[in-house]
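The values are calculated or read from the model by the stated rules, or taken from the named source; none is laboratory data. Keep in mind that this is a model prediction, so the values were computed, not measured. Here the Cβ positions follow ideal geometry from the backbone for every residue, glycine too, while neighbour counts run over all protein chains shown. These accessible areas exclude ligands, DNA and RNA; they are computed on the full protein's heavy atoms, side chains included. Shrake-Rupley method; radii C 1.70, N 1.55, O 1.52, S 1.80 Å.
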Amino acid sequence: MHSPAGQYPVPLRASTLGQLADTISRPWYDRSRISHGIVHIGVGGFNRSHLAVYLDDLLGSSESNRWGEFGVGLLPHDKLTHSALREQDFLYGLLNVDSNQVRYRIIGSLTGHLYAPESSEEVLEKLCSPDCAIVSMTVTEGGYFIEDASGRFLADHDDVRHDLEHPDHPITWLGYVAEAAHRRMLRGAAPFTLLSCDNLQANGTTARNALLSFGEARNSALRKWMETNISFPNSMVDRITPRTTEENRATIAEKFGVLDLAPVVSESYRQWVLEDNFSAGRPAWELQGAQMTTDVAPYEKTKMRLLNGGHSAIGYAADLLGHRTIADAVGDPLLCELLNRFMAEVRPTLQQLPGVDLDAYSVSIVKRFSNAAIRDQVARICSGGCAKIAKFIVPSLADLLERRASPSVLPFVIASWLHYLRGTDEDGRALIISDPGLEHMQLFLAAGASDARLALSVRPLFGDLAFTHPQLVSAVQSVLDELRSNGVRATLTETLAKVQTR
């Protein structure tokens, strides 16, 4: 592999930035002067394509150098990331990919990283540092130890029990943040903010419930200090960040002449809405397009119902029809029309928000889903269907039924998911179904995956809809029967024809 200048790819280091092609944006600010105002737990791909990029943009525009990021990895796979970042002086590249354009830039806002299992005391002291005003995190939904159905904190989880019994050697973010808070309390240190960046509804509230529950299990004085001294802003994040592939690395080496051990890939689009509730100051993220608000929930609702719901709306039909990527699915005119009709049916359940044009937002979703360079896998979208249907589809359906509307597209979406659960596509090929919540559907599956009432009567997913709106059961059953008899394409064509004639 050769660089555009005819040389072998340049290994990414602080000392080699000057050797990179002029077309590559890089940090020109003095990284040695950056303070670690933010300690981030879980420096995976999304953090490095989102929060760290906002910080890099601010540092590059003469924003206070207080707001650099120091990273912490908790999980075994984080060790590889740690080694790669350390090798590169904690620099890495962001590859923005669109269907007709590829851009590459170097991000410098991350200036340190620790692998916690090998450096637990250093991590705790970093969290206690007077510089640290914000502890941010991306730990995925399961990392909060909150049970979906009940909202109960899982105090009996083995990892939680370990951290309660070994506060100086924690293994979860709960244990680390609680112990850091305990040390801050004893030292009379300043308050701080815990900022969740996970794609989770009411993520700040969820983080608060988890941490305060954990604190109470340690001692009530710690819980009271955390309740008084830590703020927990909700935030809504959005940027498609697929797994980095060897092909991406090859593109960086061949097209841009850089040997990057820790690149991340993302689309160009990004969105961040934050509740302006920070105990000890914050970066001026709004200068780089983030939106500060007193209430994140309406923005979150819009994203979940249109974007996340849109993924599920086409995902199951796409898998049944043999499409492998979301871009391929949206390239199918019938599925593209399904997506547009789905969003049109859902939009009346949403309120108009400052800075958000729902029609333009819907158009942007189709454009983003059509980005062939992202190669977002249909299988990923279809995974965890029980939770996704319950969170992204059912609330819109419930609102429409409450308004005495007669939706047609949403019943098709549910029926396509139920049809998908049979486990074979239109050509008889086995589908790989990954869904931790599938236990909820055992009665439906045991009865041959043909009785919609058995599925819609599962209260953790559908609440009382099957009992308060019997017409919904009839509508889903009718579509499910058609899918079994006529297949996906014919049934969808008929469903969309009915929508058009209304």
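Things worth noting here:
- In segment 21-38, the residue that is least open to solvent (accessible area, probe 1.4 Å) out of those that are among the small types (Gly, Ala, Ser) and assigned to a loop (DSSP other than H, G, I, E, B) is Gly37.
- Matching residues, segment 335-373, being farther than 16 Å from Thr495 by Cα, among the polar types (S, T, N, Q) and more than 20 Å from the chain's Cα centre (by Cα): Thr349, Gln351, Gln352
- Of the residues screened, Val363 is one that is in a helix (DSSP H, G or I), within 25 Å of Asn96 (Cβ to Cβ) and of a type in the set (Val, Ile, Thr).
- Selection from segment 203-222 of residues that are in contact with a Phe, Trp or Tyr (Cβ under 9 Å, 6 or more places away or on another chain) and among the hydroxyl-bearing types (Ser, Thr, Tyr): Thr205, Thr206, Ser213
- Of the listed requirements (1) open to solvent by 10 Å² or more (accessible area, probe 1.4 Å); (2) of a type outside the set (Asp, Glu); (3) more than 23 Å from Lys391 (Cβ to Cβ); (4) in a helix (DSSP H, G or I), Leu492 misses just one: (1).
- Restricting segment 349-363 to residues that are among the β-branched types (Val, Ile, Thr) and touching a residue at least 12 places away in the same chain (Cβ under 8 Å), the residue that is farthest from Phe392 (Cα to Cα): Val356
- Considering segment 399-467, the qualifying helices (runs of 4 or more DSSP H), each wholly inside and each with 3 or more residues that are open to solvent by less than 10 Å² (accessible area, probe 1.4 Å) and of a type outside the set (Gly, Ala, Ser), run over 409-420.
- Within the option set Thr294, Thr302, Thr241, Thr245, being hydroxyl-bearing (Ser, Thr, Tyr) and in contact with a Gly (Cβ under 9 Å, 6 or more places away or on another chain) holds for one residue only, Thr241.
- Residue match in segment 40-47 (condition: outside any helix (DSSP H, G or I), under 18 Å from Asp89 (Cα atoms) and open to solvent by 40 Å² or more (accessible area, probe 1.4 Å)): no
Yes/no matrix, rows are residues, columns are (1) out of contact with any helix residue (DSSP H, G or I) (no Cβ under 8 Å at 6 or more places or on another chain); (2) in a helix (DSSP H, G or I):
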| residue | (1), (2) |
| --- | --- |
| Leu75 | yes, no |
| Leu80 | yes, yes |
| Leu85 | yes, yes |
| Phe90 | yes, no |
| Leu94 | no, no |
| Tyr104 | no, no |
| Leu124 | no, yes |
| Leu127 | no, yes |
| Pro130 | yes, no |
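- Scanning segment 347-368 for residues that are closer than 19 Å to Val409 by Cα and not aliphatic (A, V, I, L, M) turns up Arg347, Pro348, Thr349, Asp359, Ser362.
- Some residue of segment 256-269 being outside any strand (DSSP E or B), within 28 Å of Thr205 (Cβ to Cβ) and in contact with a His (Cβ under 7 Å, 6 or more places away or on another chain): no
- When each of Ile414, Ile433, Ile374, Ile381 is tested for being touching a Cys at 6+ places or on another chain (Cβ under 9 Å) and more than 22 Å from Val296 (Cα to Cα), the lone residue that passes is Ile433.
- Restricting attention to segment 452-477, the residues that are touching a residue at least 60 places away in the same chain (Cβ under 8 Å) and of a type in the set (Gly, Ala, Ser) add up to 2.
- When His50 is tested against (1) farther than 24 Å from Ala373 by Cα; (2) under 26 Å from the mean Cα position of the chain (by Cα); (3) surrounded by 17 or more Cβ atoms within 10 Å (Cβ to Cβ), just one condition goes unmet, and that condition is (1).
- Long-range neighbours under 6 Å by Cβ, at least six apart or interchain, first residue without any contact (Cβ under 8 Å) to a residue 60 or more places away in the chain within segment 127-144, second of a type in the set (A, V, I, L, M, F, W, C): Glu141/Leu200
- Screening segment 332-367 for residues that are closer than 19 Å to Trp272 by Cα and small (Gly, Ala, Ser) and picking the one that is most open to solvent (accessible area, probe 1.4 Å) gives Gly355.
- Test: residue in segment 236-244 that is without any contact (Cβ under 8 Å) to a residue 24 or more places away in the chain and under 30 Å from Thr206 (Cα atoms): no
- Segment 72-101, residues that are over 17 Å from Gly44 (Cβ atoms), of a type outside the set (Gly, Ala, Ser) and surrounded by fewer than 16 Cβ atoms within 10 Å (Cβ to Cβ): Glu87, Asn100, Gln101
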